[in-house]
Amino acid sequence: MTDFLFQDTHGSHIVSPGKVAQLLGLSPGDLASAAGVHQNTLTACPQSPRVQAFLRDIVNVLNEAKETFGDDELPIAWLLNEPLSAFRKKSAWELIAMGRGQDVLAYLHSYSAGFVG
């Protein structure tokens, strides 16, 4: 996760919206829309609690998916595209945008433990 962090002017470590968008192959506008904020918020106020919670959920889910699937490329495609039957065919991306990142993490934990799949 440290690849996505930078220090703001107050010395706090925050997740970089630009780096997350680049990794996912999304425009800043698409990332802002999913986060439920205006695109300018990503650059003018990236430390916003709403933006940071959204970005941290993405990074945490990607890290957990990488551990679960044992692959560097698969987690991104899975996050953005895979319909999850346990969540009425919503993707992890859609769930995170709905504020359900912790549910996705719990799903991945249970998947890696052999309880779903």
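The values are calculated or read from the model by the stated rules, or taken from the named source; none is laboratory data. Bear in mind the structure is a predicted one, so any value in this text is a computation, not a measurement. Quick reminder, even Gly has a Cβ in these numbers, built from the backbone with ideal geometry, and neighbours come from all protein chains shown.
Details
- When residues of the stretch 30-47 are limited to those that are closer than 16 Å to ILE96 by Cβ and not in a helix (DSSP H, G or I), the one nearest to the chain's Cα centre (by Cα): GLY36
- Residue match in the stretch 14-29 (condition: touching a Gly at 6+ places or on another chain (Cβ under 6 Å), in a helix (DSSP H, G or I) and within 17 Å of ALA97 (Cα to Cα)): no
- Verdict on TYR111 being farther than 20 Å from SER33 by Cα, among the aromatic types (Phe, Trp, Tyr) and in contact (Cβ under 8 Å) with a residue 40 or more places away in the chain: yes
- ALA44 passes every criterion in (1) at pLDDT 95 or above; (2) farther than 18 Å from PRO75 by Cα apart from (1).
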